[in-house]
Amino acid sequence: MTIGIAAMGPRSGAGILAGLRAVEAVGRGAIGGFVSLVVLTADQKLMRAETQNGGTRGLFTTSPPEEILRAPYAALISSGPDRPSPLSQFIAAAPGIGIVTGHRFPHVSTEQGHALNELVLDAMRNGVAAQDAIDELIAAHPGFDAGFVALSTRGEVGLGNMPAVHRLLDQGAAINHCTDTGASVATLHNAIQPSKAIAVLASEVVLDEIRRCDTKVQTITVVAGIELSFGDEPEIHINEKFMATRVAHPQAHTLNAETSFGMGDRVKVVQFGQSIGWLGQEPYMVVKRGVIATLEGKLEIQLSVLLGDAAR
């Protein structure tokens, strides 16, 4: 019936929007209708956006505000159209504390009149870790039909489902961390197919968007005619004009007289003996007698380099 995505790290707002767009493009089922989105900015300003119809396409009439895209704490919940108002009830959030989203019915109230997602947030407000807050809520109120994703401004993330949700055959969950950027993302969903792939897809796209946005990019030029030399690992060496002067690979001496060749998925770029980053894509080359004959079918190409320690 719903999907909940929460992320923390640089440009998490942009990340969760990219993740939901990917799910809308691939998935079928309870998607593409309402969206309720919440972010906490770097200075802990709480911002919300929502739509009853159209999913990510209906969320903003123009480009999303930069404050939302850059927000280091972000979460959303989405499903089919026309859900009960106010849509803000589906996500609990507080500056300096964190955000609680989820799937199914995370907003319903206990017999005492307390919304489930607000109870998780209250526990976090009292110093309980995000995962512990979810676990304690589920243990205290196991009869409800809901799942929760929580992140705290202390850097914690957690998720969990009520027993009723665990019995659903179409539910999915994923939690991932990126050591390069320090970002984390958690996703819960159900009633969106293919169910075993959706949570993983959303989380991977979120982290990829964060990684891409957080990484500076430099363009280098590689021209055919360079001899492929031996090296312990794949490397492209460049000069002060960012032109390739040497291409090294551990398989250089084992290639046939003419062969198609890929550099690999982790290619270091070196300038003046120092690593400056990694290729942002893998070039396809034709190598003849140890010399690069063409690159992507051309005699010259430009390649993007992700500067710093982050690999692709």
Kindly indicate which of VAL247, VAL222, VAL205 is of a type outside the set (Phe, Trp, Tyr) and assigned to a helix (DSSP H, G or I).
VAL205
Can you say whether ARG246 is exposed (fewer than 13 other Cβ atoms within 10 Å of the Cβ) and of a type in the set (Lys, Arg), as far as the supplied structure shows?
no
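Considering the stretch 225-244 alone, what residues qualify as being assigned to a loop (DSSP other than H, G, I, E, B) and touching a Phe, Trp or Tyr at 6+ places or on another chain (Cβ under 9 Å)?
Taking the stretch 225-244 and keeping what is assigned to a loop (DSSP other than H, G, I, E, B), we get 225-226, 231-234, 239-242.
Within the stretch 225-244, ASN239, GLU240 qualify.
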Single condition GLN131 does not satisfy, out of (1) in a loop (DSSP other than H, G, I, E, B); (2) within 24 Å of the chain's Cα centre (by Cα); (3) surrounded by fewer than 20 Cβ atoms within 10 Å (Cβ to Cβ)
(1)
Can you tell me which condition ALA252 does not meet? The list is (1) farther than 30 Å from GLY13 by Cβ; (2) loosely packed, with under 13 Cβ neighbours inside 10 Å; (3) modelled with pLDDT under 90, and all the others hold.
(2)
Among what's in the stretch 179-201 and is open to solvent by less than 10 Å² (accessible area, probe 1.4 Å) and farther than 11 Å from ALA7 by Cα, pick the residue that is nearest to the chain's Cα centre (by Cα).
ALA199
Could you look through the stretch 183-202, keep only residues that are in a strand (DSSP E or B) and not hydroxyl-bearing (Ser, Thr, Tyr), and pick out the one that is farthest from SER78 (Cα to Cα)?
ALA183
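In this structure, is ASP208 at pLDDT below 95, open to solvent by 30 Å² or more (accessible area, probe 1.4 Å) and touching an Asp or Glu at 6+ places or on another chain (Cβ under 8 Å)?
Working: at pLDDT below 95: yes; open to solvent by 30 Å² or more (accessible area, probe 1.4 Å): yes; touching an Asp or Glu at 6+ places or on another chain (Cβ under 8 Å): no.
For ASP208, the condition - at pLDDT below 95, open to solvent by 30 Å² or more (accessible area, probe 1.4 Å) and touching an Asp or Glu at 6+ places or on another chain (Cβ under 8 Å) - is not met.
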Need a quick list: strands (runs of 3 or more DSSP E) entirely within the stretch 1-112 having at least 1 residues that are under 25 Å from VAL200 (Cβ atoms).
2-8, 35-40, 73-79, 98-104
Select from the stretch 138-154 the residues that are in contact with a strand residue (DSSP E or B) (Cβ under 7 Å, 6 or more places away or on another chain) and open to solvent by 10 Å² or more (accessible area, probe 1.4 Å) and list them in ascending order.
ILE138, ASP145, THR153
Name the residue that is surrounded by the fewest Cβ atoms within 10 Å (Cβ to Cβ), counting only residues in the stretch 262-297 that are free of Cβ contacts under 8 Å to residues at least 12 places away in the same chain and either of a type in the set (Val, Ile, Thr) or part of a strand (DSSP E or B) (or both).
GLN274
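The values are calculated or read from the model by the stated rules, or taken from the named source; none is laboratory data. Not measured: the values here are computed from a predicted model. Cβ sites come from the backbone with ideal geometry, for glycine too, and all protein chains shown count toward neighbours. We work out accessible area using only protein heavy atoms, side chains counted, and drop any ligands, DNA or RNA first. Shrake-Rupley method; radii C 1.70, N 1.55, O 1.52, S 1.80 Å.
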